[in-house]
Every structure is written in C-alpha cells, then in structure tokens.
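Each remark here refers to the structure printed beneath this line.
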Amino acid sequence: MSLTALYDVPAPAKLNLFLHIIGRRADGYHLLQSVFELIDWVDVLHFERRDDGHLARHDLGTTLPEDDLCLRAARALQLESATALGADISIDKRVPWGAGMGGGSSDAASTLLALNRLWGLHWPRERLAALGLRLGADVPFFIGGHPAFVEGIGEKLTPVVLPPSRYAVVKPAAALSTREIFGHPQLVRSTDPVILAGSPEEAGRSDLPPDGLKEFVRRAVHGYGRNDLQPPAEDRCPEVAQATRWLEARYGNSRMTGSGSAVFARDDTVETPLAAFPAKELPPGWVGRQCRSLSEHPLAGWAS
C-alpha cells in the first residue's frame, strides 16, 4: 500500500564546532572547513500527498517567506523526478531563523527525504544530496545523516563520531544575513587549512594530529579553532558579542555558530539537570535552551 501522509517529520538544527574560511573560488563561493554537529532543537514537518501535482506550504507557527527553501526543495524534486504527485507541507517552525543553525537547510533536507518516500521515488542518498547542493551548501550535510568534517563549500563530507555532548544555545533577538556576513570587508578568508595525517598534502608537515581525523575531532570537541565569521557578525550585530559574554559568564566558553546570530557553549556540568538552563535570565526577545547532540539524523534510515 502506498503512503498518503507522513506526520511529525523532524528537521534538526546543527552547530559548527568551529568554522574556518580557507579561501574563495573564482565564482565567489567561500571554501571552508568545519565540524558540523546535529542537535535536538528541531522543526517539525507534516506531509500529505496530493494527486493533482500541486505543492502548498502551511505555516503552523512562524510565518515563513512565500517561496522558502522547503518549497523550493519540493519543486526541484518534483521537476527532476517528473512525478505527477504533489503535497501539502505543514511546518511547525521551532529553530530560530537567521541563527546560523541551518534551520532552512534542514527543512529542505527533511522535505527531500520525506517526499522521496511519500512519492515512492526510491532515490539513493547520493542523488538527493546532489539535488540538495543546488538548493544550499548545508543541505547535503543534513541528507548525509551524521556529524561530519565538512570541506569545500559544504559538499565534501567526512562522517565523524562525536562523543555525546550538551550545549547551551542562545539566539539574540537580532537575525543576521549570511550574504552580509560573507561580504563583510573584515572577513578573514585565508585561515590555514587543516591537513590530516595520511592525506597527500601532509608531506613535510610536522604539526599534524598524530591520529589523523580521530585526534582532530577530539580537538574540535574541546574548543579547537574559531569561527572566522564571528568578528564580522559582532561588528554588524553587538548582540552577538553580548550573547558570547552571557554564555561565557555561565559556562566558561562560547562561540558563534555558522553565520550567526546564535551562540553556543559546551555544558560540561553533566550532573546538572537540563532544566537548570537559566532561561529567565535571558534579555527580552532572546531565546535559548539546553540541547543534546545527536549521533545521527532521525531520518538517517530514510535513504540508502
């Protein structure tokens, strides 16, 4: 029996444990290196199949732009697969917009994974990821299904195993435009790339992690590197700097994720219950919560 609906489909957010800009392509796209971690702050989507080919989005909470990434993903999959089917897509938007947490890209990835099942297309993960890359650089990561060391413009993914972690995540009232931050004149675009032991580029290097990727990931979890986008973001939005100080005072560390404006801190006080997050201390208009890492995407089994 064919599916007619999929309800309560999760679209988790991500954190950049670090984010280095190592160059820029001739077409203007920035080359990066990062470790992406999935967290349990999620949007929830519902899909109902339509036989008339129409695609419609319904906002259950925050009003989204008329032609958001989710709807564009559905349209792209419909066109590439030449299916005659459509869908009603309802979104309960919970991940803050303009936060650098990949909420829109995650919604698009979950849409591709869900409609692939709902429409009976049976596309493999690799084909969905290639389509996702045309929609946004972060989309292939969410389709990939696991935490990853990310390179290129976001399309080169090396799955990594990260230890279970907790984070305090705060989103100031202000949102930031990715285009504005990447175009900032103060953005550093020449951070030295990480070269892992065993790679062809390692010849003559003495500063490599001795155990390659495993050792590098351990360093990333414990605060390696920085976010190269953070200084431009703080210049454009003083609330980002305020959020870093707020977290630093309570957890002893802080870092902006993605292109901001959300900031996170590792919460190493494992004996403290999650309910202890000091939400009442947040300034007006800010949102925040304690998050757990995810070892894999909740939809990891939805594509081969």
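Only the coordinates and a few stated rules stand behind these numbers; no lab work does. Everything numeric in this text was worked out from a predicted model, so none of it was measured. Cβ atoms come from the backbone with ideal geometry, glycine included; neighbour counts cover every protein chain shown.
A P(r) calculated from all alpha carbon pairs of the chain, with 10 Å bins opening at zero, reads 6, 27, 34, 23, 9, 1, 0 percent. Only lysine pairs 8 or more places apart, or on different chains, with alpha-carbon atoms under 17 angstrom apart are counted in the chain, and they number 5. With a cut-off of 10 Å between beta carbons, the residues surrounding D138 carry a summed charge of 0, where Lys and Arg count +1 and Asp and Glu -1. Our summary gives the stretch 80-199 a relative contact order of 19 percent, counting only alpha carbon pairs under 8 angstrom and 6 or more residues apart. Each of H20, P96, A137 was scored by the projection of its Cα onto the charge dipole of the chain, and the greatest displacement toward the positive side belongs to H20; charges sit on the C-beta of Lys, Arg, Asp and Glu. Ordering S254, S34, S2, S81 from the fewest to the most neighbouring beta carbons within 10 Å gives S2, S81, S254, S34. Taking 17 Å as the cut-off, the amide N atoms of the stretch 53-69 that come nearer than this to a point 7 Å along the Cα-to-beta-carbon line of S2 belong to 53-55.
With a cap of 11 neighbouring Cβ atoms within 10 Å, and only residues DSSP puts in a loop, list the GluC sites (Glu not before Pro) found in the stretch 216-304. Those that pass, being in a loop and sparsely packed, are E271. Qualifying GluC sites (Glu not before Pro) in the stretch 23-96, where qualification requires a DSSP coil assignment and no more than 12 other C-beta atoms within 10 Å, comprise E66. The residues neighbouring L45, those whose beta-carbon lies less than 13 Å from its own, together hold a net charge of -4 under the Lys/Arg +1, Asp/Glu -1 convention.
Among I39, I22, I143, the residue with the largest mean-square fluctuation in a Gaussian network model of the chain, with springs joining Cα atoms closer than 10 Å, is I22.
Computed from Cα atoms, the angle from the helix 69-81 axis to the main principal axis of the chain rounds to 50 degrees. Length gained on full extension, A276 to T83, computed as 0.36 nm times the residue gap minus the Cα-Cα distance: 64.6 nm.
Dipole check for the chain: with +1 at the C-beta of Lys and Arg, -1 at the C-beta of Asp and Glu, and the Cα centre as origin, the magnitude is about 200 Debye.
The simple spin-label model puts a point 7 Å past each Cα toward its Cβ; for D27 and A173 those points are separated by 4.0 nm. For G86, nonlocal amide neighbours, meaning residues 5 or more places apart or on other chains whose placed amide H falls under 5 Å from its own, are R50, D51, D52, G53, H54. If R0 is taken as 35 Å, the Cβ-Cβ distance between D59 and R189 corresponds to a FRET efficiency of 0.45. Summary of the geometry: the stretch 140-179 and the stretch 123-137, compared by the centres of their Cα atoms, lie 16 Å apart. Highest GNM mean-square fluctuation among D92, D107, D27, for the chain modelled with Cα contacts below 10 Å: D27.
Of all the options A233, A148, A130, the one that moves most in a Gaussian network model of the chain with Cα springs shorter than 10 angstrom is A130. Among the chymotrypsin sites (Phe, Trp or Tyr not before Pro) within the stretch 63-148, those in coil by DSSP and having at most 15 neighbouring Cβ atoms inside 10 Å are W97. Measuring nothing but how far apart in sequence close Cα pairs (under 8 Å, 6+ apart) lie, relative to its length, the chain scores a relative contact order of 24 percent. May I ask for the distance between the Cα centers of the stretch 215-269 and the stretch 31-110, given as a whole number of Å? Computed from Cα coordinates, the inter-centre distance equals 27 Å. Taking amide H as placed 1.01 Å from N in the peptide plane, the amide H of L31 sits under 5 Å from that of I22, G23, R24, R25, each at least 5 places away or on another chain. Among H184, H146, H54, sorting on how many other beta-carbon atoms sit within 10 Å of each Cβ, with the fewest leading, yields H54, H184, H146. Net charge of the neighbourhood of R189, taken over other residues with C-beta under 13 Å away and scored Lys/Arg +1, Asp/Glu -1, is 0. The angle between the Cα long axis of helix 238-251 and the main principal axis of the chain comes to about 70°, on a 0 to 90 degree scale. Going by neighbour counts of Cβ atoms within 10 Å, the residues R125, R219 line up, fewest first, as R219, R125.
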